[in-house]
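Shown next, in structure tokens, is the structure this report addresses.
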Amino acid sequence: MTDRRRINGPPSGTRPAVFASSLKSASGISTGRPQRERQPNELRKLFLKTGLIPSASGSAYLEFEPSASLAAARSSPQSLIPPSSALKLACTVHGPKPLPRSASFSPNLVLTTHVKYAPFAARQRKGHIRDASERDLGVHLETALRGVIVAERWPKSGLDITITILEAEDDRWWGDAPDSHDAPWGMMNVLAGCITAASAAIADARIDCLDLVAGGVAAIVSDETAEGETSSPKLMLDTDPAEHKSILSACAVAYMPSRDEITEIWLKGDHSKASLGTDDKNLGHEALIDGAVNAARGAHTVLAEAVKESAERFAGLMLGGNAA
Amino acid sequence: MTSTLPAVAIPGQRLGPIASFSAGPGTHVQNANIYASIAGPVLVDAHPSSKTKSTLSVSRTALRNPSAAPSSSTPPPPTTTTTTTSGPQPPKPNKPRYNTLPAVDSVVLARVTRVQKRQATVSILVVLDDSVSSHPLNPTVSASDNDNIEAILSSAANPENHSSSDELRFQALIRREDVRAVEKDRVVMDEMFRVGDIVRGSVISLGDQSFYYLTTARNDLGVVMARSEAGNMMFPVSWKDMRDPVGGGSELRKVARPF
Amino acid sequence: MASTAPSLTLPPSQFARLQPHAYLLAHLSPPASSNQPSIRANGRAPSQFRTTYANTGSLTHTNGSAVVRVGDTTAVCGVRAEILPTDDIASWSVSHSSSSNTNKRRKIIKSENEEEEEEEEEEEEDPNEESHIQDLNLLVPNLSLSTGCAPGFIPGAPPSALAQSLSHQILNLLHTTRLVRAEDLRVWYQPPSLGGEELERHNAEEQMDVDVDEAARKDGEVKAFWVLYIDIMIVSMAGNPFDAAWAAVLAALRDTKLPRAWWDVDNEMVVCSDVVGEARKLTLRGLPVASSFAVFEADAAAGWRAVIVPDAEEERLIEEGDRKGIQRRWVLADPDGYEEGLSQERACVVVDKVRGKTVIVKMEKNGGWALDGKELKGLVDVSERRWEEVKTILEQC
């Protein structure tokens, strides 16, 4: 239990703070659920910047724009309990570097991905050691990137991609009982962010890629109406799980726009329920994937801009150098 | 046709049809079109003979104008990129380079980490591009490799990192028979290299999973920097001797011809 | 310099990589003829720190957070407060239950009653105060380098020796500076008085000396402590992680707000209020600022031959050289990664200013003998100036 390499807290452990307001009956707080103020196909803004970590071959920092509720809570705080959260992560690329001595010969670039949450990234404190969900994210990220990198141009070398998540997305609204949803929906958004940031960092490291791969998320949600009943399921892009009462299914993709190819699909939840409940055929899994692809297209424009901006800075230097 | 080319490309950007161009480094071909595979300035290498197609490539290097003397104090302007070596250098139609890794015939600078009876182990510090070795006296064309001072200054390790830093570099072997071209059987490795020496070598083979193979069997290859046993930087006096300017003693090395 | 002779054909970047020591030395001691000032390879003067930037409160799930960037070294610090009920502390009921905390508690009640008046007054030190923080591990700093911040730190590996050492240095500094007040971390319970409250209040003053235990029980008891998990992620590592990490800890603690917490008798647990107005900031003791230095020696061999202490003769020669203007060693403030790799001797000075007076909170040096008392005094002056800089930066964020 005790980890000798770290500073441990009290041996008996500690308990997260319990707020009096959350002890009240569920009906008492349900009014506090943040509301989505975006159109169903409107994405949150992305902040993406490359090259902030000079000791890495490539790096990128990515931040989601806070949802309306969070932005409001920031500017005029009403409660110490944040209504939702907004993804913040840093990605570094190290390499191409020699493979470890124990590795066998590889004619291609060997990709290693690693995703870790900071202990303060989520509503519940995260452990220092990677848990299953973090490993899962790493594997999804690797498959998303493996199809993009031109690996045969970099024989017998390795590329390490490390992502540190400083702030994660919520899996659900904090006021809902922890067991009210089965799936950790926030992970989908985190994956999409990881893909976009890693893509920017790889471009910053100038590793050959087929395209700038971007991540996107779409979900089929059924929100509460004003009367407290659930409305018919709707397809929404770039969902913030805190803003929805019930997410029926969600999909994250890694998408290459110039080739119209998908390198990774992660679909969770029961989308059949949504399409069964209504006659709307647009709520099948294909619609969900299309929605996620559209979200990824949106992320790609930001990604392309960030990469282009850094490439122009780079080229500008070249011209300046010649002029001097 | 060239007028439609962007000055700067990003990965996945279509550059031109394969019918009019041939694909160079930093690009790839998809559906009879050339696409960029890295971000950077687009170069068109027009061949003198109009029969062949021009080569489209995306440069991984920015041709900067570093200060003339190495010891002068103006570092190049900081950049946010940390690219490594060489791309296609326009002046000469060199063999195209698709990556920054050591390749056969690359000239590298490496530090000796181990000397054994039959071989010396070195770790590769710098891959020099061809233009550097062909125009060694013109530092302006040598914008190469690992040359981002900002990155070097920030990354060069704390002591803890230090011990493992050799594992982050590509390793190579200089076998006894590759040390020099003459009197190969009389080579004594201890009289050729010492641990810590900086050696200029040429890659002869990509080797196995862990080592490249280097040769120093040329006049311009061999030890370029070495410290004496007393710890002073030595200068070359002959093809097999270097001298300590302080102590005055000389030590044996396989010396590279100084330029 | 002999070392530059064979390398004339190298561009600066390769020179820097192949002969780092000579490269830095060439910058610091330019040839007299060139009339160039002695300047570091990174363009800074020897006692110049890197541009520092701080930002607080941007992380949603923390009680306090900060991002501090010193040059290219970036530290992100998040403070998370959790509850440690005294019932969970094995030794609590035996040793602490109600004794020793009386005076302190009384003081707080008093100052609450008398509003701001006593705030400024330097509180008397309670020896138990800090032992609580230390004995109960109420401050838990952990620093992580496994973030991809530099090549060589393998993500997912257990904390490296450097990370462990930095975590402990931060913990020790938190303890020795007594930055956080134990009182801020206590959650009190005031049993409902069974009438006659006025009377008891009134009598309390007299009772205190007579019957400490009695008074304590009436005043209330500690039901829980806040434990502050202080996690520092070094996101980008370009030398001197300690200064950046400590500044991040300081800025995050200054940003930290604890919710109002009370013992809920019905639920038998500590419950907090989420009302922003009721949360209070920590009242930190002072503003200790860390400044680190590295000593660069012109004699390259000194580094790897440094097993013998130089004798008086050698020292005399060095001093003579100094007088002639030939500098053989440089003390570099806020070293970057490159400089750290080239110097053996390090120094760290932590200073604070109390009413205009400089207080040395910590002074540490290791790895060499170049810094003597006189030079350390000089470093304190530099650290003082740095304190002013950091103070301005932290107050603006």
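Using a Förster distance of 56 angstrom, determine the FRET efficiency expected from the C-beta separation of A:Phe105 and C:Trp262, and round it to 0.05.
Details: r = 65 Å, r/R0 = 1.16.
Between A:Phe105 and C:Trp262 the formula returns 0.30.
Given the pairs A:Lys126/A:Lys234; B:Lys117/B:Lys240; A:Lys49/A:Lys116, which are separated by over 26 angstrom at their Cα positions?
Beyond 26 Å between Cα atoms: A:Lys126/A:Lys234.
Over both sides of the C-B contact, add up the buried accessible area with a 1.4 Å probe and give it to the nearest 100 Å². Please list the in-between numbers first.
Details: alone 21440 and 14780 Å², together 32550 Å².
Looking at C and B, the buried total is near 3700 Å².
Summed for both chains, how many Å² of accessible area, to the nearest 100, are buried between A and B with a 1.4 Å probe?
What A and B bury together is about 3800 Å².
Tell me, what is the FRET efficiency for A:Arg259 and B:Lys117 to the nearest 0.05, using R0 = 60 angstrom and their Cβ-Cβ distance as r? Don't skip to the answer; put the middle values down first.
Working: r = 54 Å, r/R0 = 0.90.
That gives a FRET efficiency of 0.65.
What is the set of long-range amide H partners of C:Gly368 at a cut-off below 5 Å, with H atoms built 1.01 Å from backbone N?
Residues meeting the amide H criterion: C:Arg346.
When the helix-only estimate is applied to chain A (DSSP H runs of n ≥ 4, each -39,500 (n - 2.57), divided by the residue count), what is the mean residue ellipticity at 222 nm, nearest 500 deg cm²/dmol?
Helices in chain A give a 222 nm mean residue ellipticity of -9500 deg cm²/dmol.
Using a 10 Å cut-off around each Cβ of peptide C:24-30, what is the average number of partner chain Cβ atoms that fall inside?
That average works out to 2.
Where does the charge balance sit around B:Asp208 when Lys and Arg score +1, Asp and Glu -1, over other residues with C-beta under 14 Å from its C-beta?
+3
For a quick check: with amide H placed at 1.01 Å from N, whose amide H comes under 5 Å from C:Val235's, ignoring anything fewer than 5 positions away on the same chain?
The list, which skips near neighbours in sequence, is C:Thr74, C:Ala75, C:Val76.
Using a cut-off of 9 Å between beta-carbons, work out the net charge of the residues near C:Arg80 (Lys and Arg +1, Asp and Glu -1, C:Arg80 not included). Working shown, then result.
On the way: positive: A:Arg125; negative: C:Glu82, C:Asp231.
Charge balance near C:Arg80 sits at -1.
Other chains near B:24-34: what is the mean number of their Cβ atoms within 10 Å of each residue's Cβ?
Details: counts 0, 2, 3, 1, 6, 0, 4, 1, 0, 1, 0.
Across B:24-34, the average partner-chain Cβ count within 10 Å equals 2.
Share of segment A:40-321's accessible area from carbon and sulfur, percent, 1.4 Å?
Summing carbon and sulfur atoms, their accessible area is 53 percent of the total for segment A:40-321.
Please state the relative contact order of segment A:40-321 as a whole percent: Cα pairs under 8 Å, 6+ residues apart?
Dividing the mean separation by the residue count of segment A:40-321 yields 20 percent.
Looking at A:Ser246, A:His285, A:Leu43, which one has the Cα that reaches farthest to the positive end of the dipole of segment A:40-321 (charges on Cβ: Lys, Arg +1; Asp, Glu -1)?
Checked the options; the winner is A:Leu43.
Long-range amide H contacts for B:Gly16: which residues qualify at under 5 Å (H placed 1.01 Å from N, peptide plane, sequence gap of 5 or more or a different chain)?
When sequence neighbours closer than 5 places are left aside, the close amide H contacts are B:Ile34.
Which residues, if any, in segment B:97-117 have at least 50 Å² less accessible area in the whole protein complex than in the isolated chain, probe 1.4 Å?
Residues losing area: B:Leu101.
Within 10 Å, count the other beta carbons around each residue, average over each peptide in A:161-170, C:261-270, and list them highest first.
Per-residue mean Cβ counts within 10 Å order the peptides as A:161-170, C:261-270.
Read phi for every residue in segment C:281-287 and hand back ³J(HN,Hα) as whole Hz from Karplus 6.51 cos²θ - 1.76 cosθ + 1.60, θ = phi - 60°, with x for Gly and Pro.
Rounded to whole hertz, the list is 7, 6, 9, 7, 8, x, 9.
Using the crude model of +1 on Lys and Arg Cβ and -1 on Asp and Glu Cβ, and no other charge, please compute the dipole size for segment A:40-321 relative to its Cα centre, in debye to 20.
Dipole of segment A:40-321, to the nearest 20 debye: 1320 debye.
Using alpha carbons only, how many angstrom separate the centre of segment B:162-215 from the centre of segment A:93-156?
That distance is 32 Å.
Rank-order C:182-192, B:172-182 by packing density, defined as the average count of other C-beta atoms within 10 Å over each peptide's residues, highest first.
B:172-182, C:182-192
Please compute how much accessible surface disappears when C pairs with A, both sides summed, using a 1.4 Å probe, and round it to the nearest 100 Å². Spell out each step's value before the answer.
Working: alone 21440 and 17180 Å², together 34190 Å².
When C and A are taken together, about 4400 Å² of accessible area is lost.
Given the peptides B:227-238, A:187-198, arrange them by the average over their residues of other C-beta atoms within 10 Å, most packed first. List each step's numbers first, then the result.
On the way: B:227-238: 17.7, A:187-198: 28.6.
Output ranking for B:227-238, A:187-198: A:187-198, B:227-238.
Can you work out the accessible area per residue across segment B:8-58, with the rest of the protein chains kept in place, probe 1.4 Å, in square angstrom?
On the way: 1980 Å² over 51 residues.
Value returned for segment B:8-58: 39 Å² of accessible area per residue.
Hey, what do the phi angles of segment A:302-311 turn into as Karplus ³J(HN,Hα) couplings, whole Hz, using 6.51/-1.76/1.60 and θ = phi - 60°, x for Gly and Pro?
In residue order, the calculated couplings are 5, 4, 4, 5, 5, 5, 5, 4, 6, 5 Hz.
Once you put a point 7 Å from the Cα of B:Leu168 and another 7 Å from the Cα of A:Ala71, both along the Cβ direction, what distance in nm separates them?
Between B:Leu168 and A:Ala71, the simple spin-label model gives 4.0 nm.
When Cβ neighbours within 10 Å are restricted to other protein chains, what is their mean count per residue of peptide A:59-70?
Mean partner-chain Cβ count within 10 Å for A:59-70: 1.
So with the 1.4 Å probe, I'd like the accessible area per residue for segment A:40-321, rounded to whole Å².
Accessible area per residue, segment A:40-321: 36 Å².
In whole Hz and in residue order, list the ³J(HN,Hα) couplings for segment A:147-158 that follow from phi through the Karplus curve 6.51 cos²θ - 1.76 cosθ + 1.60, θ = phi - 60°; x for Gly and Pro.
Running phi through 6.51 cos²θ - 1.76 cosθ + 1.60 with θ = phi - 60° gives x, 9, 6, 7, 5, 6, 7, 10, x, 6, 9, x Hz.
The values are calculated or read from the model by the stated rules, or taken from the named source; none is laboratory data. Model, not experiment: these values are computed from the prediction. Neighbour counts are summed over all protein chains in view; Cβ atoms, including those assigned to glycine, are modelled from backbone coordinates with ideal geometry. The protein model used for the area step is the full one, side chains on, heavy atoms only, and it has no ligands, DNA or RNA in it. Shrake-Rupley method; radii C 1.70, N 1.55, O 1.52, S 1.80 Å.
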